[in-house]
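Since the structure comes first, as structure tokens, the remarks are kept for the end.
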Amino acid sequence: MSEKLHLTGFQANELADFVQTIGEPKYRAKQIFKGLHARRLLDFNEMTDLPKAFREKLIDTATATTLKVESRYVSIDGTRRFLMKTHDNFPVETVFIPTENRDTICFSSQSGCPLKCDFCLTAKLGLLRNLTAGEIVEQIIIVLNDVYGTGVETPHGTNLVAMGAGEPFLNFENLIKALEIMSDAEGLFIVPNRVTVSTAGIVPKIYEFARLEKRPNLAISLSAPSDELRDELMPINKRWNIGELFQAAKEYEKTLRRGERFTFEYVLLGGVNDSAEQACALANLLGEYDLQRVKINLIPHNSAEPLEYRPPDTEQVERFKKILESKGVSAYIRRPRGRDIYAACGQLAAMKG
Ligand code: SF4
């Protein structure tokens with residue numbers, strides 16, 4: 001890579017400092033910020049409101065883009081998966097999921113992932129490295145430009161989910177910085193309540209997240225109602241067990257504002273965690289910790305070689321949901337998207353096909 005500064009990951013005030021160091025007036029920073037984030041231009045030459053000499057100076061010292069799209073896969077359901085590479089050749093995957101009234105972009109916070117969730121293909125990559133704030137923001141710009149055209153206004157709002165590769169809370173600072181940049185009204189203007197961050201249970205960061213003033217929504221990936229099973233499926237449980245996780249969730253719940261809820265994600269694995277007893281145990285667990293402002297997203301597992309798990313059949317999924325509901329728990333079944341192009345949950349492993 002270039003030693004060049006990646007301005008896409010700069011906040012407005014950092015850009016102001018930068019333009020001053022290269023001897024330009026402060027207002028240029030605003031123009032650059034708008035060019036990058038409102039007009040979604042990833043080439044300084046296209047920022048024709050900047051004088052040519054200034055553009056040349058920018059190109060000498062900085063860059064707007066460091067990611068390269070290697071492949072792009074389009075599912076029969078309209079989902080698009082982007083396989084990108086960082087300047088130092090690490091994979092980054094981003095998924096665009098269209099629905100009738102809104103779009104969702106599922107982005108990655110890390111290249112690979114250090115956690116070893118047994119049902120997840122990304123885990124097989126291990127951690128390659130944390131992504132920078134600029135690399136996180138750039139994923140969103142690349143996807144929006146691909147779908148709608150460079151700088152073209154999107155027809156409806158964009159929701160973001162940090163559920164691609166990686167554990168977002170292990171790259172906390174860069175993640176929060178990227179989300180701040182994207183929430184700026186002068187730029188992409190994707191506000192925190194349109195964003196959901198999903199953690200496998202990095203407990204100290206749940207407390208830290210709870211203290212943030214402008215924070216996105218939280219989802220906690222649970223996938224087992226007992227420590228014994230969760231230790232096996234999500235080894236992070238050996239570091240912070242269900243008791244510690246639920247205490248943190250309770251503290252987080254206390255900080256929710258009116259009308260807000262948070263989510264537990266539960267990947268359903270046929271014959272492993274989908275029994276009636278396990279549904280009851282899950283509901284009881286919520287009761288034990290008095291968690292009330294919570295919903296459960298049930299995600300039938302997405303099969304992917306070489307993982308040996310399979311999704312439960314549809315009736316079993318329905319039964320699990322009904323049991324939760326009968327105990328007063330809100331539960332939703334998440335329809336898998338982009339399975340045919342390895343874009344669905346737990347399938348991101350830089351697959352070329
Ligand atoms: S499920 Fe998420 S946290 Fe677990 S290994 Fe996969 S990417 Fe990492």
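Descriptive notes on the structure:
- For the range 21-32, the condition holds for at least one residue, the condition being that it is assigned to a helix (DSSP H, G or I), in contact (Cβ under 8 Å) with a residue 60 or more places away in the chain and surrounded by 14 or more Cβ atoms within 10 Å (Cβ to Cβ).
- Residue in the range 195-204 that is farther than 18 Å from Ala248 by Cβ and out of contact with any helix residue (DSSP H, G or I) (no Cβ under 7 Å at 6 or more places or on another chain) present: no
- All positions within the range 104-129 that are near the ligand (Cβ under 8 Å from one of its atoms) and without any contact (Cβ under 8 Å) to a residue 24 or more places away in the chain: Ala123
- Any hit, the range 55-73, residues being in a loop (DSSP other than H, G, I, E, B) and within 16 Å of the ligand (Cβ to nearest atom): no
- So Phe44, is it of a type outside the set (Asp, Glu), in contact (Cβ under 8 Å) with a residue 40 or more places away in the chain and buried (at least 19 other Cβ atoms within 10 Å of the Cβ): no
- All positions within the range 213-228 that are touching a helix residue (DSSP H, G or I) at 6+ places or on another chain (Cβ under 8 Å), more than 17 Å from Thr104 (Cβ to Cβ) and at pLDDT 95 or above: Ile220, Leu222, Ser223, Ala224, Pro225, Ser226, Asp227
- Members of the range 73-97 found to be surrounded by fewer than 16 Cβ atoms within 10 Å (Cβ to Cβ) and either within 18 Å of the chain's Cα centre (by Cα) or at pLDDT 95 or above (or both), listed by number: His87, Asp88, Asn89
The values are calculated or read from the model by the stated rules, or taken from the named source; none is laboratory data. Owing to the predicted nature of the structure, the values given are computational and were not obtained by experimental measurement. We place every Cβ from the backbone using ideal geometry, glycine too, and count neighbours over all the protein chains shown.
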